[in-house]
1. Ranking B:Val36, A:Val71 by Cβ neighbours within 10 Å, fewest first, what do you get?
2. Check each of the GluC sites (Glu not before Pro) in the range A:87-193 and keep only those in coil by DSSP with at most 11 other C-beta atoms within 10 angstrom; list them in order.
3. With Rg and the Kirkwood Rh both taken from Cα atoms, where does Rg over Rh land for chain B?
4. Please list the three semi-axes, largest first and in whole Å, of the ellipsoid equivalent to the range A:1-72, using sqrt of 5 times the eigenvalues of its alpha carbon gyration tensor.
5. Under the rule a/c < 1.5 gives rounded, and otherwise a/b versus b/c splits prolate from oblate, where does the range A:41-195 land using the Cα gyration tensor?
6. Given the pairs A:Lys29/A:Lys117; A:Lys127/B:Lys64; A:Lys2/A:Lys105; A:Lys40/A:Lys119; A:Lys131/B:Lys11; A:Lys40/B:Lys53, which are separated by over 32 angstrom at their Cα positions?
7. Taking a ≥ b ≥ c as the square roots of the eigenvalues of the Cα gyration tensor of the range B:32-76, is the shape rounded (a/c under 1.5), prolate (a/b larger than b/c) or oblate?
8. Assuming 0.36 nm per residue, please report the length gained on full extension of the stretch A:Asp130 to A:Asp174 beyond their Cα-Cα distance.
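Values quoted throughout were computed directly from the atomic coordinates according to the rules given, and no laboratory measurement underlies them. No experiment lies behind these values; they were computed from the predicted model shown. Positions of Cβ are backbone-derived with ideal geometry, glycine not excepted, and every protein chain shown enters the neighbour counts.
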Amino acid sequence: MKSSVITFPGSNCDRDMDVALNKFGFKNKMVWHDDNELPKSDLVVLPGGFSYGDYLRCGSMASKSKIMHSVINFAKSGGLVMGICNGFQILVETGLVPGVLLRNKYLEFICKNIFIKIKNKDNPYFKNLDKDIFEFHIAHNEGNYFCTKDQLKEIEDNNQIAIYYCDNNGQTEDQFNPNGSLKNIAGIFNKQKNVLGMMPHPERMIDQSLSGEDGSLFFKNLINNIK
Amino acid sequence: MKVSAIITLKKDVLDPQGKVIQQALDGIGFNHVNEVRQGKYFEIDVEENDPVKAKKIVEDMCKKLLANLVIENYQIIETQ
């Protein structure tokens, strides 16, 4: 299985993602933002970081970079595109997934482990996972998901909510919402469910000695789903 | 000619920075502030002398990049 990780100026989780993808069997290539063409890929990842120094709005500059034409075409033809953290911010700026990511409600940069609950398993990312609650890591200043009422109705009707913030028992009350996201939303799909944007970083949970293994479960399952 | 664009958050969108600024203003004695909303201001020098066309170009910029229309409104002002 081939994957591509796009590196933008200011990306800083691109190499972590490369390590994670290779560890679980992907043949990963790093792709520079100024390239025109994507290599042949089964999965494209937009990594976390601070692309273009978060100028204007997080992800807005990166969403207009050269490689994104190919990424958008790849996504529109059904290819799997996953955006993590800043990658999620880039995805919303391209319009591939609905909504926006605002400044965190309490104006703090949040860096900690959190729990997420999977809402929808009928997709290549979460299909066949045998549990619903995962411990991932978040590190962001703009992760406060927001969309209009009409958009919310549409994403709920189309089952586009991917994951919620929750506690270790899967409770999704307000108190387990780290950043003020609408309805505790931590990740969203496009309508066809081939594009996933999420704030949490599974690539930071792939080694017991560092943090945890819930990311390992995610990546192992992902490559099996794609095969 | 120079054209300016003002980007503001839409009414329903929470503006935590505006809220903190309001509290800071209150702290230094400006006690009669109902609300503060923070926005962005751009001055753009366009190679176009026709004001209608110049504004049209900046409007296009707002739609495609300067504003995110999910949460922001824009307003175009001819400055020179």
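1. Sorted ascending by nearby Cβ count, the order is B:Val36, A:Val71.
2. Details: sites: A:Glu93, A:Glu108, A:Glu135, A:Glu142, A:Glu154, A:Glu156, A:Glu173; in loops: A:Glu108, A:Glu142, A:Glu173.
Listed in order of number, the matching sites are A:Glu108, A:Glu173.
3. Details: Rg = 15.7 Å, Rh = 14.1 Å.
Rg divided by Rh gives 1.11.
4. On the way: eigenvalues 87, 41, 12 Å².
For the range A:1-72, the semi-axes come out at 21, 14, 8 Å.
5. Judged from the Cα gyration tensor, the range A:41-195 comes out oblate (a/c at least 1.5, b/c at or above a/b).
6. Numbers: A:Lys29/A:Lys117 30 Å; A:Lys127/B:Lys64 36 Å; A:Lys2/A:Lys105 38 Å; A:Lys40/A:Lys119 30 Å; A:Lys131/B:Lys11 40 Å; A:Lys40/B:Lys53 43 Å.
Flagged as over cut-off: A:Lys127/B:Lys64; A:Lys2/A:Lys105; A:Lys131/B:Lys11; A:Lys40/B:Lys53.
7. On the way: a/c = 3.16, a/b = 1.94, b/c = 1.63.
Prolate, since a/c reaches 1.5 and a/b exceeds b/c.
8. Fully extending the segment from A:Asp130 to A:Asp174 adds 13.2 nm.
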